[in-house]
Amino acid sequence: LKEWELEKIGTIERAILRLGAYEMLFSEVDDAVAINEAIELAKRLCGDTSPKFVNGVLDALRKDKK
């Protein structure tokens, strides 16, 4: 996400990333579950490449948390 401008990311993708990041940072939900939920939302609501993008961003957050 460092190379991306936030405005260039789709509105729905941004909302999914915010939701996933919030769950990972501020709730008791396991990171793997939060990431999987976000991926499933992206599959239902976004384009074909969005699930991989969401997975990559949230996985990077998971690694940063440690």
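Taken together, the values in this text are just the output of simple stated rules run on the coordinates, not laboratory data. Remember, it's a predicted structure, so these values are computed and weren't measured experimentally. Ideal geometry is used to build each Cβ from the backbone, glycine not excepted, and the neighbour counts take in all protein chains shown.
Here are some notes:
- Normalising the average separation of contacting C-alpha pairs (under 8 angstrom, six or more residues apart) by the number of residues puts the relative contact order of region 6-65 at 36 percent.
- Cα-only Debye scattering, region 6-65: base-10 log of I(q)/I(0) at q = 0.19, 0.20, 0.26, 0.28 Å⁻¹: -0.59, -0.65, -1.06, -1.20
- The angle between the Cα long axis of helix 31-45 and the longest principal axis of the Cα atoms of the chain comes to about 20 degrees, rounded to the nearest 10.
- Filtered GluC sites (Glu not before Pro), the chain: DSSP coil and at most 12 other beta carbons within 10 Å: 3, 5, 28
- From helices alone, the chain scores -23500 deg cm²/dmol at 222 nm; the rule is -39500 (n - 2.57) for each run of n ≥ 4 DSSP H residues, then divide by the residue total.
- Net charge of neighbours whose Cβ lies under 14 Å from the Cβ of residue 62, counting Lys and Arg as +1 and Asp and Glu as -1: -3
- Lysine pairs in the chain whose alpha-carbon atoms fall under 23 angstrom of each other, counting only those eight or more residues apart or on distinct chains, come to 11.
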